[in-house]
Amino acid sequence: MKNRILEELRANSGQPVSGEEISRRLGVSRTAVWKHISKLRSEGYSIESHTNSGYKLVGSPDILSSSELEPYLHTEFIGRNIIYLDSIDSTNTYAKKKAEGLFREGTVVVADEQTGGRGRLGRHWVSTKGKGIWMTLMLKPDILPSDAPKLSIVAALAVTNAIRSCCRLDAEIKWPNDIVAGGKKLCGILTEMSAEEDEIKYVIIGIGINANMDNDDFGQEVSSIATSVRIESGMPVSRKALAASVLFEFEQIYRVFTRDGSIKAFLEDYKSKSAVLGKEVRLISKKEEITGLAVDISEEGHLVVRLADGSYREIMSGEVSIRGMHGYI
Ligand code: BTN
């Protein structure tokens, strides 16, 4: 009912609409209308009360609910079904449970706050209320499970393009899928998959963008390696506009990718936005530590490193640290 009242207010585009008229159209009491208006106000909607003419919507909060995001969305299927949660432990955990059943391709789970946001390698992901874009895309691509890890490349390129076009910030990609600016991390991506033999059951892509986070939100330890779009660009970010732009960019690249599971068509673009290529890098895995010059990214999405002895190594996954990029582990 609350959303239908919001629709009534929106439909009147800035003109007041009387409580009596809303109650008549929606078949609820005037007291119920008043209660829902109060609830909308508490969620951040600015609604004026005019004694004779009724309620007028004068401002909407920057939240990522379906009705707020919809006017910004230019996609066909990504984000056309939004599950908006005020607070959740982790949108990835939520999406994973949901993906065990039937779901619509491109469903997006988005939360205003995560109380147990998950990062890679079991790390915690700081997800302050109202300050970031914490969302998970739910997909069932018709590609080989072995090609699914390349979706991290797709997502990283999409987020980078969106930040560049929306926020005028030259964000770069730290292979494979961290987005960085000013030597610190702006966004992290956590891709998880379930597959049976040659068939993907689902892929979920969790995207965490530090949109309007302040240094205090991260805490001392994390703020030495993390930053936000707002800190780097000096401008507050419209989460609605940025989230919609990420979904749009993602859909464009995902369409191309799912034709044959290849990243060839956009690999040069990805490489041109790399923070790693041409730099001295260090990779620490369970087995060994490698240092060398990052020279290329292969069509498999692997990082090609030239070692001191002149030999080449292809790295499939792992944490890269870039020499000179302080604080990265
Ligand atoms: C990383 O370690 O770099 C990955 C971070 C991924 C964070 C996002 S926020 C939305 C989604 N839900 C989670 O719990 N994690 C991902």
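Within segment 75-100, track down each residue that is near the ligand (Cβ under 8 Å from one of its atoms) and open to solvent by 50 Å² or more (accessible area, probe 1.4 Å).
If the condition is that a residue be near the ligand (Cβ under 8 Å from one of its atoms) and open to solvent by 50 Å² or more (accessible area, probe 1.4 Å), then Asp89 is the only one that fits.
Considering only residues that are within 20 Å of Gly132 (Cα to Cα) and not polar (S, T, N, Q), look in segment 101-117 and name the one that is nearest to the ligand (Cβ to nearest atom).
Residue satisfying both the conditions and the ranking: Gly117.
Tally time: how many residues in segment 118-144 are away from the ligand (no atom under 14 Å from the Cβ) and of a type in the set (D, E, K, R)?
2
Taking the condition of being open to solvent by less than 10 Å² (accessible area, probe 1.4 Å) and not in a helix (DSSP H, G or I), how many residues in segment 142-172 meet it?
In the first step, residues of segment 142-172 are kept if they are open to solvent by less than 10 Å² (accessible area, probe 1.4 Å); the result is 148, 151, 153-160, 162-163, 171.
Filter once more, so that each one left must be not in a helix (DSSP H, G or I): 171.
The number of residues fulfilling the criteria is 1.
Using beta carbons and a limit of 8 Å, which pairs, at least six apart or on different chains, have the first residue in segment 90-108 and at pLDDT 95 or above and the second one acidic (Asp, Glu) and in a helix (DSSP H, G or I)?
Gly106/Glu251
Yes or no: Glu196 free of Cβ contacts under 8 Å to residues at least 24 places away in the same chain and either buried (at least 24 other Cβ atoms within 10 Å of the Cβ) or under 24 Å from Thr128 (Cα atoms) (or both)?
Answer is no for this residue.
Which of the residues that make up segment 66-79 are small (Gly, Ala, Ser) and in contact (Cβ under 8 Å) with a residue 24 or more places away in the chain? If you could, list the steps in order and put the result at the bottom.
We begin by selecting, within segment 66-79, every residue small (Gly, Ala, Ser); these are 66-67, 79.
If the condition is that a residue be small (Gly, Ala, Ser) and in contact (Cβ under 8 Å) with a residue 24 or more places away in the chain, then Ser67, Gly79 are the ones that fit.
Could you check segment 213-233 and list, in sequence order, the residues that are free of Cβ contacts under 8 Å to residues at least 60 places away in the same chain and open to solvent by less than 60 Å² (accessible area, probe 1.4 Å)?
Answer for segment 213-233, where residues must be free of Cβ contacts under 8 Å to residues at least 60 places away in the same chain and open to solvent by less than 60 Å² (accessible area, probe 1.4 Å): Ser223, Thr227.
Is it the case that Leu121 is at pLDDT below 95, open to solvent by 30 Å² or more (accessible area, probe 1.4 Å), among the hydrophobic types (A, V, I, L, M, F, W, C) and more than 16 Å from the chain's Cα centre (by Cα)?
For Leu121, the condition - at pLDDT below 95, open to solvent by 30 Å² or more (accessible area, probe 1.4 Å), among the hydrophobic types (A, V, I, L, M, F, W, C) and more than 16 Å from the chain's Cα centre (by Cα) - is met.
One line per residue, one yes/no per condition, for (1) touching a helix residue (DSSP H, G or I) at 6+ places or on another chain (Cβ under 9 Å); (2) in a strand (DSSP E or B):
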| site | (1), (2) |
| --- | --- |
| Ile83 | yes, yes |
| Asn92 | no, no |
| Val108 | yes, yes |
| Gly116 | yes, no |
| Thr128 | yes, no |
| Lys131 | yes, no |
| Thr136 | yes, yes |
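Rundown of residues vs (1) in a strand (DSSP E or B); (2) without any contact (Cβ under 8 Å) to a residue 60 or more places away in the chain; (3) buried (at least 23 other Cβ atoms within 10 Å of the Cβ), yes/no style:
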| position | (1), (2), (3) |
| --- | --- |
| Pro176 | no, no, yes |
| Ala211 | no, no, yes |
| Lys240 | no, no, no |
| Arg255 | no, yes, no |
| Arg259 | no, yes, no |
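The values are calculated or read from the model by the stated rules, or taken from the named source; none is laboratory data. If you're wondering where the values come from, they're calculated on a predicted model, not measured in any experiment. In this analysis, Cβ positions are derived from the backbone assuming ideal geometry, glycine residues included, and neighbour counts consider all displayed protein chains. All accessible areas refer to the heavy atoms of the entire protein, side chains included, with ligands and DNA or RNA removed. Shrake-Rupley method; radii C 1.70, N 1.55, O 1.52, S 1.80 Å.
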